[in-house]
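Presented below is the structure to which this report refers.
Please treat every number below as a calculation from the coordinates, not as lab data. None of the values given here were measured: they were computed from a predicted structure. Neighbour counts are summed over all protein chains in view; Cβ atoms, including those assigned to glycine, are modelled from backbone coordinates with ideal geometry.
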Amino acid sequence: MYRIKVLVTLLITMIISAQSVGQKLDNAAIQRIGDYGKIWSAVNLFHPSMAYNVINADSLYTDNIGELIKDPTAANFKYAVQKLLHKLNDLSTSIVELSVNENDSVNLPQRSLLTWLPDSIALLHFDENFMSLNNNSFGKNIASKQLKDSLKNAKGIIIDLRKTKNNDAVSDYYETIFLNSLVSFIIDHDISYIPSRSRIHYGHESQTFDMSSFYYQGWMTINPTFIRKAPNSVNKPVCLLVNRFNKNIGEAIIAVQKAGVAKVVSVDSLKGFSSTAHYIMEVADGVKVNLNLGESVFENGCKDFVPDVIVKSTVADIENSLLTASKELLTQKWQDKIICPQIANDILPAKMVETYDGMNYPSAPLRLLGLMRYWSAINYFCPNKALIKKNWDSVLNEYVPKFLSGRDSTEYIDVVARLITEIHDGHGWLDSKVWTILHRNIPEIKLKFVENKTIVFKTYNDSIRKVMSPGDEILKINDVPINEVRKNFAQIIGASNDAALQRVVTLNVLSGPENSNVRITYLHNGEVKNIIRPRTAKRYAFNNETGLPGQTKPWKKINEKTGYVDFGKIEVDQVDSMMNDFKNLDAIILDNRSYPRGTAWTLVNYLTSKKVITAKGTTMIATSPDPATTTTQSSLWEIPVTSKMIYKGKIIILVNEETQSQAEYSCMVIQAAHKNTTIIGSQTAGADGDVTGIVFPGDIQTAFSGHGIFYPDGRATQGIGIIPDIKIAPSIKGIKGGKDEVLERAIQFAKTGK
């Protein structure tokens, strides 16, 4: 009996559970758990290593979150974040305070500006003062011109760029400009920096079904900077000595090596040396994470910079070892024999999202993983995010304890359902085995929400018809007042507007496990009655029940001047026959109070001879966690037309709360193609645009509207729907009289034009 009355009970248990966990997790702890997820989301979407599908994204999240849940202190939060980032094997992605040590330095011997070595080898070293004074004029002022002239007789040049520590920002600036100026004097041809690339997402790839033609990811390559050869440049063999503190000029160092201009000898490995885009994420407890967003792409396929020779800092006589290696490189012909430790891959492997189907009640780390999958998708890729009534960050913090508090699969599915409602999107349906078992069937009765009442619309069983009639009002379900039942369901059903919400609520109020009984209290001819019926029909058995009495195919003439089309049943290959039958009629009524079968794209060929601009579609494009960089790509959607005979009469489209998604878009297509189109009915569902599927662990699936859909002139449709030209909805009186008042109004308009 608990599961039959689960909705009422769950409201109480969820509140109690949430309060219980709230006592264990204070706001700071909740913030840390949520921010750990935000870091994971950013890494999963934007760090280049995650594109290769080598690191398991789920494990990257779950391996540390369990310990953080047990001990959500500031110290453990920082430790968990550090462990997560360490798995990326990327030195340039780390907690900022751990990545930069102000005391990190090395001792270097005193070095002169110019020292001549045996065999006419010039050894150069430029201190900060020299670089600052000659930052963009090397070879032009007296000091640097004299130095340049003296190098003409050199058989080779060693440039010692090593530094004792990291520069400040000002020194970095002057050093970068100076090196570019210097490089222009040692090259014999124009060269370019190595291009870098970062991940770019056109919408969020669907995790439940193939929407690859709409949403996909790829690489975005940044065009490199060019360094032009200076007049009278010194074309000599060059070797550069570098260490880890040269990263700020890494691009120029890599460029001259890859162009065959200079060899490079480094002190220790320089992994992460190449310069790419980064983003600083500020999270709980003042922690800052420096996230690498890109990778360099070398001609030989390497993902990272590899020096020609690496000399370990632990060797006994490092200065002599460096000079020996440099002189040997100067005498060698240029050969690219560098072995890449990791090769860049232009093809992004398909990423299979684990559903954890065998777990109806996943562990706490997996439940939170589902929360972060969903939060991340909406955060970066929901085109209708402005319609969300709450701050999306606050939603994350609100649901962290709720996802932890669920005690079984029923409570887990309930909190997932509540989360989905937060985006107010009719494409935010919920599908799971647990949900299906709880709400699989209904009795053989179809209800409608009319005049703010739950009304019997149709009955499908002779024994029911003897005691219950269309127009009867439902008062209670299992002795729970109908308004309370509706309120409970409304909290776990996603919808874009109230019309669609009440439609889905009405569909579910009688639902329950298969063959279970439901007690219905209702008002019949002024008398309160009760009936107990088994739930023997599938929940969606009575959907898409449009059509005329006795209609055998999807279209039929109502009279000699008006035709009727059941738009939810006519197939694409039937459109030609239908239009041939109706070509001479004054009006065609398209009953769009169901879900169509893709016929609008064919129908337009009979409505216009010009291409049809149907809508303005928007897609979210993201390349970084930085919200300032997320852009909205807008484009006018067009349908090409292969013109056939052009229908000149009226097109009348019937709509109501059942008209959703493709049904709404079909209205826009026909409106754009045929100017003599009239919409009759009530508010549509307001959920349009191709959907993006999201998977929660525990075999739970949902989706959201991945595209924003607007009229070509910019009028919004999400949440609003298709606004009828003539507004009319069923009445209780009409239902009792067996009337289709919307269709009757359309027939009247077809006849009179009013």
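Are there GluC sites (Glu not before Pro) in region 228-330 that DSSP puts in a loop and that have at most 10 other Cβ atoms within 10 Å, and which ones? Can you show the working numbers first?
Details: sites: Glu251, Glu282, Glu295, Glu299, Glu319, Glu328; in loops: Glu299.
Passing sites in region 228-330 are Glu299.
Working from label points 7 Å from Cα in the Cα-to-Cβ sense, the Glu741 to Ala628 distance is 5.5 nm. Look at the dipole of region 180-307 built from charges on Cβ: of Ser233, Val261, Asn246, the Cα furthest out on the positive end belongs to Ser233.
Computed over the Cα atoms of the chain, pair by distinct pair, the Kirkwood hydrodynamic radius stands at 30.8 angstrom. Other residues with beta-carbon under 14 Å from the beta-carbon of Ala154 carry, at +1 per Lys or Arg and -1 per Asp or Glu, a net charge of +3. Ordering 452-465, 482-495 by mean Cβ neighbour count within 10 Å, with the highest value first, yields 482-495, 452-465. According to the calculation over all Cα-Cα pairs in region 610-711, the P(r) per 10 Å bin from zero is 13, 33, 31, 16, 6, 1 %. For region 501-588, treating each Cα as an identical point scatterer without solvent, what Debye log10 I(q)/I(0) comes out at q = 0.19, 0.22, 0.26 1/Å? Rounded to two decimals, the profile gives -0.90, -1.05, -1.27. For region 591-622, the residues whose amide N sits under 20 Å from a probe point set 7 Å from the Cα of Asp576 along the beta carbon direction are 597-610.
Here the 3J(HN,Hα) profile of region 307-322, calculated from phi with Karplus coefficients 6.51, -1.76 and 1.60 at θ = phi - 60°, is x, 5, 9, 10, 10, 6, 5, 8, 5, 5, 10, 5, 5, 5, 5, 5 Hz, Gly and Pro shown as x. Note that region 502-511 has calculated 3J(HN,Hα) couplings of 5, 4, 6, 4, 4, 4, 9, 4, 9, 7 Hz, one per residue in order, obtained from phi through the Karplus relation 6.51 cos²θ - 1.76 cosθ + 1.60 (θ = phi - 60°); glycine and proline are x. For the peptides 392-399, 599-606, the ranking by mean Cβ contacts within 10 Å, running from highest to lowest, is 599-606, 392-399. Each residue of region 29-46 was assigned a 3J(HN,Hα) from its phi angle through the Karplus curve 6.51 cos²θ - 1.76 cosθ + 1.60 (θ = phi - 60°); the sequence is 5, 4, 4, 5, 5, x, 6, 4, x, 5, 5, 4, 4, 5, 4, 4, 8, 10 Hz, with glycine and proline shown as x. Applying a threshold of 23 Å to the alpha-carbon distances of Lys675/Lys751; Lys476/Lys736; Lys675/Lys739; Lys446/Lys487; Lys38/Lys616; Lys448/Lys616 flags Lys675/Lys739; Lys38/Lys616; Lys448/Lys616 as lying beyond it. Shown here: region 438-559, whose C-alpha atoms stretch 47, 38, 29 Å along the first, second and third principal axes, sorted largest to smallest.
How much length is gained if the chain between Leu108 and Asp285 is pulled fully straight, taking 0.36 nm per residue apart and subtracting their Cα-Cα distance, in nm to one decimal? Intermediate values should be presented prior to the final figure.
Numbers: separation 177, 0.36 × 177 = 63.72 nm, distance 3.77 nm.
Stretched out fully, the Leu108 to Asp285 stretch lengthens by 59.9 nm.
What the pair-distance distribution of region 203-259 shows, using all Cα-Cα distances binned every 5 Å from zero, is 4, 11, 15, 14, 12, 8, 6, 9, 8, 6, 5, 2, 0 percent.
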